[in-house]
Amino acid sequence: SQQGEEDPQALSIQEGENATMNCSYKTSINNLQWYRQNSGRGLVHLILIRSNEREKHSGRLRVTLDTSKKSSSLLITASRAADTASYFCATDGLTGGTSYGKLTFGQGTILTVHP
Amino acid sequence: NAGVTQTPKFQVLKTGQSMTLQCAQDMNHEYMSWYRQDPGMGLRLIHYSVGAGITDQGEVPNGYNVSRSTTEDFPLRLLSAAPSQTSVYFCASSLSGRGNEQFFGPGTRLTVL
């Protein structure tokens with residue numbers, strides 16, 4: 001079953017614009033992570049936000065987490081053509097109060113940034 | 001550090017054949033896992049290991065076996081390949097699995113005819 005549902009499925013913007021991707025999930029989590037995947041390549045970790053955090057920044061990335069709504073968003077500011085990739089949220093869920101890093105991934109958002 | 005390495009990069013099998021996908025990491029990570037990625041499905045966890053000698057099933061374990069005899073290696077075995085196992089397979093590792101980022105290998109693209 002897919003824990004994370006991402007929205008939109010595809011996003012097309014111009015260079016310099018901001019890109020926002022949303023992720024919703026169903027069960028309690030230890031943390032939520034965002035990954036990027038360039039076409040035909042492995043996933044690269046972008047940012048991790050813990051369940052007791054509400055917002056986190058890393059360079060041009062801003063992630064928010066609302067555990068009451070079971071949702072997260074990833075904002076990429078001043079996007080570049082090199083940001084073109086698929087972006088996945090992944091939840092690290094709680095199992096009996098412990099977490100073993102069993103990530104559950106959403107289906108991803110395909111971001112295209114036009115130069 | 002090479003990070004997480006996977007071999008082979010590409011493989012074509014016939015239905016019923018068996019094979020082993022190799023995964024190795026040189027970061028002394030305790031936690032390793034295997035995922036498969038199918039179009040429109042995201043990644044799904046097949047098996048994972050929290051340390052040498054300890055493995056457990058993920059979301060889609062049927063048709064796959066794993067073992068973890070060393071910290072570095074975590075091979076995935078397909079016992080009798082089926083067309084439904086056509087997919088891209090990713091191996092990942094993390095320091096402990098508990099609230100840590102995971103490092104992914106480049107993937108193995110498997111086609112079962």
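The values are calculated or read from the model by the stated rules, or taken from the named source; none is laboratory data. Since the structure is predicted, the reported quantities are computational estimates derived from the model, not experimental observations. Please note: Cβ atoms are built from the backbone with ideal geometry, for glycine as well, and neighbour counts cover all protein chains shown. All accessible areas refer to the heavy atoms of the entire protein, side chains included, with ligands and DNA or RNA removed. Shrake-Rupley method; radii C 1.70, N 1.55, O 1.52, S 1.80 Å.
Some notes on this structure:
- 3J(HN,Hα) along region B:43-48, derived from phi through the Karplus expression 6.51 cos²θ - 1.76 cosθ + 1.60 where θ = phi - 60°, amounts to 9, 10, 6, 9, 9, 9 Hz, with x in place of Gly and Pro.
- The largest-to-smallest principal axis extents of the Cα set in the protein assembly as shown are 49, 40, 34 Å.
- Annotation: amide H-H contacts under 5 Å for A:N30 (H modelled 1.01 Å from N, sequence separation of 5 or more, or interchain): A:D92, A:G93, A:L94.
- Solvent exposure of chain B, expressed per residue, is 44 Å² of accessible area, with all protein chains present and a 1.4 angstrom probe.
- Spin-label model, B:Q57 to B:D73: label points 7 Å out along the Cα-to-beta-carbon direction sit 2.6 nm apart.
- Other residues with beta-carbon under 9 Å from the beta-carbon of A:L75 carry, at +1 per Lys or Arg and -1 per Asp or Glu, a net charge of +2.
- Accessible area expressed per residue, chain A, with surrounding protein chains retained (probe 1.4 Å, Å²): 47
- Overall Cα dimensions of chain A - principal axes, largest extent first, Å: 48, 28, 20
- Where trypsin sites (Lys or Arg not before Pro) fall in DSSP loop in region B:36-98, at most 16 other Cβ within 10 Å: B:R98
- Between the alpha-carbon centres of region A:6-69 and region B:78-113 there is a gap of 22 Å.
- Cα Rg, Dmax, region A:1-44, angstrom units: 12.9, 36
- B:K14 accessible area, 1.4 Å probe, all protein chains in place, Å² to nearest 10: 140
- Karplus-derived 3J(HN,Hα), 6.51/-1.76/1.60, for each residue of region B:34-41, Hz, glycine and proline x: 10, 10, 10, 10, 10, x, x, 10
- Buried solvent-accessible surface, both chains (A, B), 1.4 Å probe, Å² to nearest 100: 1800
- Zero-based 5 Å bins, Cα pair distances in chain B, whole percents: 2, 13, 24, 27, 19, 10, 4, 1
- Centre separation in Å (Cα based) which lies between region B:37-51 and region B:12-30: 13
- Antiparallel beta bridges, as assigned by DSSP with both residues in the protein assembly as shown, represent about 90 percent of the total such bridges.
- Residues whose amide H lies under 5 Å from that of A:G108, counting only those 5 or more places away or on a different chain, are A:E6, A:C89; hydrogens are built 1.01 Å from N in the peptide plane.
- To put it simply, the accessible area of chain B at a 1.4 Å probe is 51 percent carbon and sulfur.
- Diffusion constant of region B:49-113 at 10 °C, which comes from Stokes-Einstein with the Kirkwood Cα-pair radius and 1.306 mPa s, µm²/s: 121
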